[in-house]
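Note sheet for the following structure.
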Amino acid sequence: MSDYSPPVRDLKFVLEHICDLNEIVSYPAFEHVDPELAFGALDEAARFFSEVVAPTNRDGDTIGSIRNDDGTVTAPPSFKKAYGQYVAAGWGAVKGPMEYGGHGFPGSVGLAILEMMTSANMAFSLCPMLSSSAILAIDAHGSDEMKATYLEKLVSGEWTGTMVLTEPEAGSDVGALRAKATPNEDGSWAIDGTKIFITWGDHDMVDNIVHLVLARTPEAPPGTKGISLFVVPKLIPDSSGAPADTNGVSCVSIEHKLGIHGSPTCVMAFEDSTGWMIGEENQGMRAMFTMMNDARLHVGLEGMGVAERSYQQALEYSTTRTQGRAVGAPKTEVSPIIEHPDVRRMLMTMKAYIEGTRALLFDIAGAIDREHHAPDEATRLAGQERAALLTPVGKAFGTDLGVELTSIGVQIHGGPGYIEETGSAQFFRDARIAPIYEGTNGIQAIDLVMRKLPMRGGDVVDDFLAEIAAIEPELRSADLGAIAERLETGRGALAEASAYLASCDNPNDALAGATPYLRMFGLLACSYYLARQALVATASAADDDWMAAKLATARFYATQLLPQAGGLLPSVMAGADQLFEIDLTAVSA
Ligand SMILES: Cc1cc2nc3c(=O)[nH]c(=O)nc-3n(C[C@H](O)[C@H](O)[C@H](O)COP(=O)(O)OP(=O)(O)OC[C@H]3O[C@@H](n4cnc5c(N)ncnc54)[C@H](O)[C@@H]3O)c2cc1C
């Protein structure tokens, strides 16, 4: 299997030109950071994740995490070793709050590091990724005592965090959960219930695991309004902060699944486990959303990050595998498959979508940095709106593409792609979970249409479309008129789709159009980001092949991928009737 080469130049390019890192580091919260320092960290991270973490990816798949007869869970040995090095090198602390030992870098820089970790080994990356979301939730909503007890250990990576929502009867419908929280006399709570599918719910890489658990207090109202969030450690820390007493938390079993075998997916039992409430009673979803929004961006990144690794491997394979004779090649030769137009199409499709979604996801990260740290209210609000609008798109479009692109990666290998030894199949299997967890992609589409589209009476979407329109004249004067033309058409289609959805009297009609609408949105947004990159690249494309490739990629995307957006308009606007016309169960036999 080929090695992983982190796309550091593209990460720096996107941080500079899409996130505007120079502006972000000018905020007082980041006065200790400058772009050179951040970029130096990325160079170091690239070395670490390609040399230390990437080689563990195959082990994760073939050995997997194992639940032992005594109930303990053992991660693949190479994971444990790499995780120890990860903690020792301080990678977990890069964007952590400085008062708890973090380096306080912008989240957008943290995302670049996370991309490299995800491409290197997605199953491994889930553990630190969930810890970083838990840190956010505790930092934003926890008590001072809670922060003092948990944050330093989570930031360093000495302990890891989990996100504990799902129950057998409560998946997408979180409000149906039944886990109970009963008050103890000392202000803590007794947590009882069974949770399923808990990622890294138990393992042997650290001394303690900090579970963030959703449960209901007595008399809580039904649905999501009656949910509270609790921190429930696997081992209760003693007065010195060291993990001490067991806490009735156990891993009952782990799932056998399609991919991410290295990541233990646990059924967790909480039996009279002591927990402490995070934030206020019945406000658990608010606190959990802090964690979930962060995690949704990161899951979107999983799709793109795994696709990047799949692309690198497919590209290399296409230069060494020879089959047939390409048009124009000497009669005596067989050609590398990269010379065939259809293979080129597959490679260009992978490259263009990856670079487009990378920019989309980093724009969200930059918006979140602005939301939390910009000194002026207007910029903070704009950041908050941008992140809210684009997070469901980044999550769902990024992860749908993760599956599609890793499938193309398999296709480029031909038969060997279907054989496990090449590693290409693992990327495809690993990527398949990302459209399901962290809110299925269907739920993301509903979020986009029912909650995000109506923001500010539709003006948030309109502002985004106006931003796209604003670069079209620039593109035309930079000799990129073909891109401008396609953007204009795609923008018109999305505007029409948005207006239709906003005007639906029957909610089922809007819900029926949600998934194709999100796809249109993602298709257009990525073309816009690639167009912005092309505008930057025009200045130096003549002397720099990498920049010239940016122009070519933006052109390819706009002329060959973006037109799908217009094709989706009839699906968005078809309403729900056709979906319910047939009694599917009656005609299935
Ligand atoms: C490997 C793995 C790791 C996971 N990690 C975690 C974790 O760490 N913590 C955690 O709490 N959970 C975790 N989960 C659970 C995951 O978040 C849920 O599986 C997911 O939210 C979907 O819930 P469900 O499986 O019950 O599917 P369901 O909710 O039953 O959904 C089934 C289908 O119906 C659709 N659907 C459901 N409701 C609606 C609706 N209202 N409108 C339209 N369509 C709808 C869905 O989109 C989906 O296609 C994990 C799951 C897996 C498989």
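Assorted remarks:
- Residue match in the range 288-299 (condition: surrounded by fewer than 23 Cβ atoms within 10 Å (Cβ to Cβ) and over 19 Å from the mean Cα position of the chain (by Cα)): no
- Single residue of 126, 114 found to be within 16 Å of the ligand (Cβ to nearest atom), touching a residue at least 12 places away in the same chain (Cβ under 8 Å) and under 17 Å from residue 263 (Cα atoms): 126
- Test: residue in the range 202-217 that is surrounded by fewer than 24 Cβ atoms within 10 Å (Cβ to Cβ), assigned by TED's automatic domain parsing to the domain that holds residue 237 and within 11 Å of the ligand (Cβ to nearest atom): no
- Criterion violated by residue 182 - all others in (1) within 14 Å of the ligand (Cβ to nearest atom); (2) assigned by TED's automatic domain parsing to the domain that holds residue 280; (3) under 17 Å from residue 232 (Cα atoms) satisfied: (1)
- Residues that are in a helix (DSSP H, G or I) and of a type in the set (Gly, Ala, Ser) were ranked within the range 472-492; the one that is nearest to residue 564 (Cα to Cα) is 490.
- Condition check for residue 294: charged (D, E, K, R), more than 23 Å from residue 406 (Cα to Cα) and within 16 Å of the ligand (Cβ to nearest atom): yes
- On the stretch given as the range 163-172, residues that are more than 6 Å from the ligand (Cβ to nearest atom) and either in the same structural domain as residue 87 (by TED's automatic domain parsing) or part of a loop (DSSP other than H, G, I, E, B) (or both) total 2.
- Pairing each residue of the range 430-451 that is more than 10 Å from the ligand (Cβ to nearest atom) with any residue that is part of a loop (DSSP other than H, G, I, E, B) and aromatic (Phe, Trp, Tyr), provided the two are 6+ apart or on different chains, yields no C-beta distance under 7 Å.
- Residue list for the range 493-511, restricted to those being in a helix (DSSP H, G or I) and free of Cβ contacts under 8 Å to residues at least 60 places away in the same chain: 495, 498, 499, 502, 503, 507
- Scanning the range 274-287 for residues that are assigned to a helix (DSSP H, G or I) and more than 24 Å from the chain's Cα centre (by Cα) gives no hits.
- Helices (runs of 4 or more DSSP H) completely within the range 8-112 that count 2 or more residues being within 30 Å of residue 538 (Cβ to Cβ): 8-17, 21-24, 35-48
- From the list 190, 148, 170, the one residue that fits, being of a type in the set (A, V, I, L, M, F, W, C), closer than 16 Å to residue 249 by Cβ and surrounded by fewer than 24 Cβ atoms within 10 Å (Cβ to Cβ), is 190.
- Scanning the range 45-91 for residues that are of a type outside the set (S, T, N, Q), touching a helix residue (DSSP H, G or I) at 6+ places or on another chain (Cβ under 9 Å) and loosely packed, with under 13 Cβ neighbours inside 10 Å turns up just one, 77.
The values are calculated or read from the model by the stated rules, or taken from the named source; none is laboratory data. Being a predicted model, the structure only gives us computed values, none of them experimental. Quick reminder, even Gly has a Cβ in these numbers, built from the backbone with ideal geometry, and neighbours come from all protein chains shown.
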